[in-house]
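Below: one structure, written as structure tokens.
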């Protein structure tokens, strides 16, 4: 499946491929995800393409500083982040609320306790 998305104003745009339709998203309760309302899907970074310039990104890290949470400095929307999975594979954490045509009521939502980590 091919997906596209980005921030509200269009300054950040991306696309990614998934072997199957995204059928489950992660609802993390960490302080950032809960405040921003992220619903996350993870894809290998090599399946993710940033369509706009990296210089258009603002980046925020906190706690363990392992995840680079990217957001738009113009509209403030956080469309994705980047980190390495426990096995070392580079991953993109896609905020599915920023994906074109995404309907949260049509996927399973899995709770993740990021607050305790």
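Please report, ordered by residue number, the strands (runs of 3 or more DSSP E) entirely within the range 1-94 with at least 1 residues that are more than 17 Å from residue 113 (Cβ to Cβ).
By residue number, 2-6, 13-17, 40-44, 48-50, 58-60, 68-71, 80-84.
Here's a check for you: in the range 29-57, which residue that is surrounded by 14 or more Cβ atoms within 10 Å (Cβ to Cβ) and over 26 Å from residue 2 (Cβ atoms) is farthest from the chain's Cα centre (by Cα)?
30
What number of residues within the range 12-21 satisfy the criterion of being surrounded by fewer than 21 Cβ atoms within 10 Å (Cβ to Cβ) and either within 13 Å of residue 80 (Cβ to Cβ) or under 13 Å from the mean Cα position of the chain (by Cα) (or both)? Let's see the steps before the verdict.
Of the residues in the range 12-21, the ones surrounded by fewer than 21 Cβ atoms within 10 Å (Cβ to Cβ) are 13, 15, 17-21.
If we keep only those that are either within 13 Å of residue 80 (Cβ to Cβ) or under 13 Å from the mean Cα position of the chain (by Cα) (or both) as well, we get 13, 15.
Summing the residues that are surrounded by fewer than 21 Cβ atoms within 10 Å (Cβ to Cβ) and either within 13 Å of residue 80 (Cβ to Cβ) or under 13 Å from the mean Cα position of the chain (by Cα) (or both) in the range 12-21 gives 2.
Restricting to the range 81-107, name every residue that is surrounded by fewer than 10 Cβ atoms within 10 Å (Cβ to Cβ) and at negative phi.
86, 87, 103, 105, 106
Would you call residue 24 modelled with pLDDT of 95 or more, under 12 Å from the mean Cα position of the chain (by Cα) and farther than 12 Å from residue 81 by Cβ?
It is false that residue 24 is modelled with pLDDT of 95 or more, under 12 Å from the mean Cα position of the chain (by Cα) and farther than 12 Å from residue 81 by Cβ.
The values are calculated or read from the model by the stated rules, or taken from the named source; none is laboratory data. What you see is a predicted model; the values in this text were computed from it and never measured. Here the Cβ is made from the backbone with ideal geometry for all residues, glycine too, and neighbour counts use every protein chain on show.
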